Amino acid sequence: MRSALKSAAESLFSVLVPADCRICQSPLLTVSYLPVCEPCRGKIVRLDGLLCRVCGEKLFSSYVDVAGGPLCGLCRRAQPHFCQAVAYGAYDGALRDLIHLFKYNGIKPAGPVLGQLLHQATQELAVPKEVVLIPVPLWSGKRQTRGFNQAEAIAKAFLRCRPSSSIQLDTASLVRTRETASQTGLTRHQRRANVRGAFAVTKPERIRGRSILLVDDVMTTGTTVGECARVLRRAGAKEVFVATVARATKEVDSALARAAGATAGGAQGHA
């Protein structure tokens, strides 16, 4: 009886409230607050393969596998200001679309899903039991335009996955002091210069001698979280760990570059 009632309710829902998956546009046949179909959600998978043990970058050569674990070239040359960074998946496909739905389209039910993914990613971090959770802050103007800070919302959803933990959420100690240009299209050096001096610690007594878990939705080159970690360490933080839902990888970047090249070549061929 219960199964029949559920089936009837779902059928009635699909008729009275027609909706499509916001990722693949196929009809949604089940009642859900999140307008994303199960097949699309099933495409959100863990980032696997050989990963840098510090920054989490995906690696493609066994020669980087050194004593202590694999290291990318950048982390070999200079230790980042954070101890370790992890991400749930690659910033591509359904995961990228889900983040965009939450971040730019106001699909708030995506928040708990992203928080759960972040929770799964942090299982690989050797953080102490008592840690201060700090989301990467937004510039006040951008926060006002968007209506919320996606990193803060994901951090709160993450905490709901760990109700009995001793993690403390702190959204006031780290602030963004100025607006920065979009990082899209900038080189690593330009990204570093763009965010240099863009963050400050306003309440150093809250983080002095403490372990910090820095949270954001996406990590691209690591310059933003790296600058946040640098500022936190200078203010007295004992150590900084980084967790993001997604991580841009060279594998995805190469695929996008090849696709862009093929599109440009096709356009020239038709010119």
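For ALA94, the conditions (1) among the hydrophobic types (A, V, I, L, M, F, W, C); (2) open to solvent by 30 Å² or more (accessible area, probe 1.4 Å); (3) in contact (Cβ under 8 Å) with a residue 40 or more places away in the chain are fulfilled apart from (2).
Please pick out the residue among GLY42, GLY68, GLY49 that is more than 21 Å from GLU124 (Cα to Cα) and open to solvent by 30 Å² or more (accessible area, probe 1.4 Å). When all the criteria are applied, what remains is GLY42.
Output yes when any residue across region 195-217 is within 17 Å of CYS75 (Cβ to Cβ) and open to solvent by 10 Å² or more (accessible area, probe 1.4 Å), and no when none is. No, region 195-217 has no match at all. Exactly one residue among GLY49, GLY42, GLY73, GLY89 is touching a helix residue (DSSP H, G or I) at 6+ places or on another chain (Cβ under 9 Å), at pLDDT 95 or above and more than 21 Å from ALA155 (Cα to Cα), and that residue is GLY42.
Scanning region 218-230 for residues that are in contact (Cβ under 8 Å) with a residue 60 or more places away in the chain, within 12 Å of ARG247 (Cα to Cα) and surrounded by fewer than 24 Cβ atoms within 10 Å (Cβ to Cβ) yields VAL218, THR220. Taking region 176-202, which residues are aliphatic (A, V, I, L, M), in contact with a Ser or Thr (Cβ under 8 Å, 6 or more places away or on another chain) and at pLDDT below 95? Those that are aliphatic (A, V, I, L, M), in contact with a Ser or Thr (Cβ under 8 Å, 6 or more places away or on another chain) and at pLDDT below 95: VAL195, ALA198.
Can you report the number of residues in region 203-217 which are touching a Ser or Thr at 6+ places or on another chain (Cβ under 6 Å) and closer than 20 Å to SER140 by Cα?
Total satisfying the criteria: 2.
Out of region 220-248, which residues are of a type in the set (Lys, Arg) and outside any helix (DSSP H, G or I)? LYS238, ARG247 - these are the residues of region 220-248 that are of a type in the set (Lys, Arg) and outside any helix (DSSP H, G or I).
Residue-wise test of (1) over 19 Å from ALA237 (Cα atoms); (2) crowded, with 21+ Cβ neighbours inside 10 Å.
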| position | (1), (2) |
| --- | --- |
| LYS129 | no, no |
| ILE134 | no, yes |
| SER140 | yes, no |
| LYS156 | yes, no |
| ARG160 | yes, no |
| VAL175 | no, no |
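Picking from residues in region 231-251 that are open to solvent by 30 Å² or more (accessible area, probe 1.4 Å) and at pLDDT 95 or above, the one that is nearest to GLY93 (Cα to Cα) is GLU239.
Just checking, which of LYS6, LYS58 is touching a Gly at 6+ places or on another chain (Cβ under 7 Å) and at pLDDT below 95?
Working: LYS6 fails: touching a Gly at 6+ places or on another chain (Cβ under 7 Å).
The unique qualifying residue is LYS58.
Whenever a residue of region 176-201 is within 15 Å of VAL136 (Cα to Cα), its partners that are of a type in the set (Gly, Ala, Ser) and in a helix (DSSP H, G or I), lying with C-beta atoms within less than 9 angstrom and at least six residues away or across chains, give the pairs ARG176/SER140; GLU179/SER140; GLU179/GLY141; VAL195/GLY226.
The values are calculated or read from the model by the stated rules, or taken from the named source; none is laboratory data. Computed from a predicted structure; not experimentally measured. Quick reminder, even Gly has a Cβ in these numbers, built from the backbone with ideal geometry, and neighbours come from all protein chains shown. We work out accessible area using only protein heavy atoms, side chains counted, and drop any ligands, DNA or RNA first. Shrake-Rupley method; radii C 1.70, N 1.55, O 1.52, S 1.80 Å.
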